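Take a look at the structure below.
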Amino acid sequence: MTHDDIATQAAADFQAQFGRPADGVWSAPGRVNLIGEHTDYNEGFVLPFAIDRRTWAAVGLRDDNTARVTSTFSDDEAEVELATVGPDSLDGWSAYPLGIAWALGQNGVDLAEQRGFDAHISSDVPVGAGLSSSAAIEGAIVLALDERWQLGLDRPTLARVGQLAENEAVGAPTGIMDQSASLLGRRDSAVFLDCRSLRSEIVDLGFADAGLAIVIIDTKVSHSHATGGYAARRASCEAGAAALGVESLRDVGVADLDRAREVMDDETFRRVRHVVTENARVLATVRALRESGPLAIGEILDASHVSMRDDFEISVPQLDLAVVEAREAGAIGARMTGGGFGGAAIALTPIELVDQVTVRVSDAFERAGFTAPEIFTVTPSDGAKREF
Ligand code: ADP
Ligand code: MG
């Protein structure tokens, strides 16, 4: 189905389920992080882009205070009263869309006074692959509610609402990157985000003009069991910052690493070194893109992967194999992307070598006895928008 078809189908499904037409259909994309991993919660830099995989929400306001959500993803429906909705009353997938309503309430919206809504969701973002299906569902719903409730919030604020929903209603302690990419993304471009000031700039990627494609290798290793590892990495970063007497690792430069080695244990030091060098790599990537174009960023992507594999220790054998084989098959740079412990790798690949990369990585997975990966290309795309 084309994206237009999915949007039209979402409206038809809404009509079938709720017995009336939707007010409109809103959509938001998943994202790929080009570089800058585990830097967001350290108040550092990230460089994600929105992809051409989206989540659509057909939404219609109601005359009462009830919110109901359905999804092609699940048979479970959820229904709450907005006046009493709270993190404790939400669970399962509906915590994402209904958590958005609650988070808007935390941002000054009087939920008891708002009209309720029905929403039906469909998506072609792979779930749990590290492409942020969660930010896509949040982005589509928050944009729809902002518009239908006539809130007039700007997109950086909508991103913070999405993060609050994910942190408190879902209970996932993630940073602001995913929601920012989904809401601020632009065609052929990345979102260069300073996670301390929350200022963002659009950076031209120019992949197509340079004859390059981004290949996603979804290892099918689900990262959903990784909550413990993620929390442990966050704790290490906090311990490293405390040992150095700084508020966050954003305040630590590459030149400070010698001193850092003296004041913390080796494991904490390696966690710190990843974050500090990764911040430097994001800045180097932005500079290279602006001065020389995307052919100049391959080595930086490679270095990022090595740092995550050896210093931050969040890779898995499937991701390492995907990266090595993609490079051997002609990718100019490759790295795991997302929070780690599974999910996807990205390979920046000359367009004419995409098939070669696909075949070589698939064969290597088969030889290693790994589950077959899903391999596809993505295009940097526009962020959240109203479809009709
Ligand atoms: P990722 O964001 O990497 O895909 P997460 O674990 O952060 O993985 O988010 C995935 C969860 O988001 C799903 O388990 C589900 O609860 C929710 N979700 C994502 N897409 C949809 C959808 N189309 N319909 C309903 N829930 C969804
Ligand atoms: Mg997510």
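The set of residues in region 327-341 that are assigned to a strand (DSSP E or B) and within 16 Å of ligand 2 (Cβ to nearest atom) comprises 336, 337. Looking across region 56-72, the residues that are of a type outside the set (A, V, I, L, M), farther than 17 Å from residue 139 by Cβ and touching a strand residue (DSSP E or B) at 6+ places or on another chain (Cβ under 8 Å) come down to 60, 62, 65, 66, 68, 70, 72. With respect to the conditions (1) touching a strand residue (DSSP E or B) at 6+ places or on another chain (Cβ under 8 Å); (2) under 22 Å from residue 48 (Cα atoms); (3) at pLDDT 95 or above; (4) not β-branched (Val, Ile, Thr), residue 373 falls short on a single one, namely (2). Taking the condition of being without any contact (Cβ under 8 Å) to a residue 60 or more places away in the chain and either within 25 Å of the chain's Cα centre (by Cα) or closer than 12 Å to residue 322 by Cβ (or both), how many residues in region 366-388 meet it? Total satisfying the criteria: 1. Within region 97-120, none of the residues are within 16 Å of ligand 2 (Cβ to nearest atom), assigned by TED's automatic domain parsing to the domain that holds residue 56 and in contact with a Ser or Thr (Cβ under 7 Å, 6 or more places away or on another chain). Give the residues of region 172-219 that are among the acidic types (Asp, Glu) and within 16 Å of ligand 1 (Cβ to nearest atom), sorted by residue number. Result: 178, 218.
Which of the following residues is assigned to a helix (DSSP H, G or I), touching a strand residue (DSSP E or B) at 6+ places or on another chain (Cβ under 9 Å) and within 30 Å of residue 143 (Cα to Cα): 361, 286, 357, 323?
Numbers: 361 fails: within 30 Å of residue 143 (Cα to Cα); 357 fails: within 30 Å of residue 143 (Cα to Cα); 323 fails: within 30 Å of residue 143 (Cα to Cα).
None of the other options fit; the residue is 286.
Evaluation of residue 139 against the conditions (1) closer than 18 Å to residue 28 by Cβ; (2) more than 16 Å from ligand 1 (Cβ to nearest atom) shows that the sole unmet condition is (2).
Pull out all pairs, ordered by first then second residue, where Cβ-Cβ is under 6 Å, the residues are six or more apart or on different chains, the first lies in region 107-124 and is among the β-branched types (Val, Ile, Thr), and the second is buried (at least 22 other Cβ atoms within 10 Å of the Cβ). Within 6 Å, the pairs are 121/57; 121/71.
Taking region 33-66, which residues are out of contact with any helix residue (DSSP H, G or I) (no Cβ under 8 Å at 6 or more places or on another chain) and surrounded by 24 or more Cβ atoms within 10 Å (Cβ to Cβ)? Selection gives 51 alone.
Results for (1) surrounded by fewer than 20 Cβ atoms within 10 Å (Cβ to Cβ); (2) in contact with a Ser or Thr (Cβ under 6 Å, 6 or more places away or on another chain); (3) farther than 28 Å from residue 359 by Cβ; (4) at pLDDT below 95, shown as yes or no for each residue.
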position: 286; (1), (2), (3), (4): no, no, yes, no
position: 290; (1), (2), (3), (4): yes, no, yes, no
position: 301; (1), (2), (3), (4): no, no, no, no
position: 305; (1), (2), (3), (4): no, no, no, no
position: 308; (1), (2), (3), (4): no, yes, no, no
position: 313; (1), (2), (3), (4): yes, no, yes, no
position: 317; (1), (2), (3), (4): yes, no, no, no
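The set of residues from region 251-284 being among the charged types (D, E, K, R) and either touching a helix residue (DSSP H, G or I) at 6+ places or on another chain (Cβ under 6 Å) or buried (at least 22 other Cβ atoms within 10 Å of the Cβ) (or both) comprises 261, 270, 271, 273, 278, 281.
Of everything listed in (1) in contact with a Gly (Cβ under 7 Å, 6 or more places away or on another chain); (2) more than 10 Å from ligand 1 (Cβ to nearest atom); (3) within 20 Å of residue 25 (Cα to Cα), the single unmet condition for residue 65 is (3).
Would you confirm, using the coordinates I've provided, whether residue 131 is buried (at least 19 other Cβ atoms within 10 Å of the Cβ), within 16 Å of ligand 1 (Cβ to nearest atom) and at pLDDT below 95? So residue 131 fits the description; yes.
Tell me whether region 160-168 contains one or more residues that are touching a strand residue (DSSP E or B) at 6+ places or on another chain (Cβ under 8 Å), basic (Lys, Arg) and surrounded by fewer than 24 Cβ atoms within 10 Å (Cβ to Cβ).
No, region 160-168 contains no residue that is touching a strand residue (DSSP E or B) at 6+ places or on another chain (Cβ under 8 Å), basic (Lys, Arg) and surrounded by fewer than 24 Cβ atoms within 10 Å (Cβ to Cβ).
Is region 265-276 home to any residue that is in a loop (DSSP other than H, G, I, E, B) and in the same structural domain as residue 335 (by TED's automatic domain parsing)? Scanning region 265-276 turns up at least one residue that is in a loop (DSSP other than H, G, I, E, B) and in the same structural domain as residue 335 (by TED's automatic domain parsing).
The values are calculated or read from the model by the stated rules, or taken from the named source; none is laboratory data. Since the structure is predicted, the reported quantities are computational estimates derived from the model, not experimental observations. Every residue, glycine among them, receives a Cβ derived from its backbone with ideal geometry; neighbour counts consider all protein chains shown.
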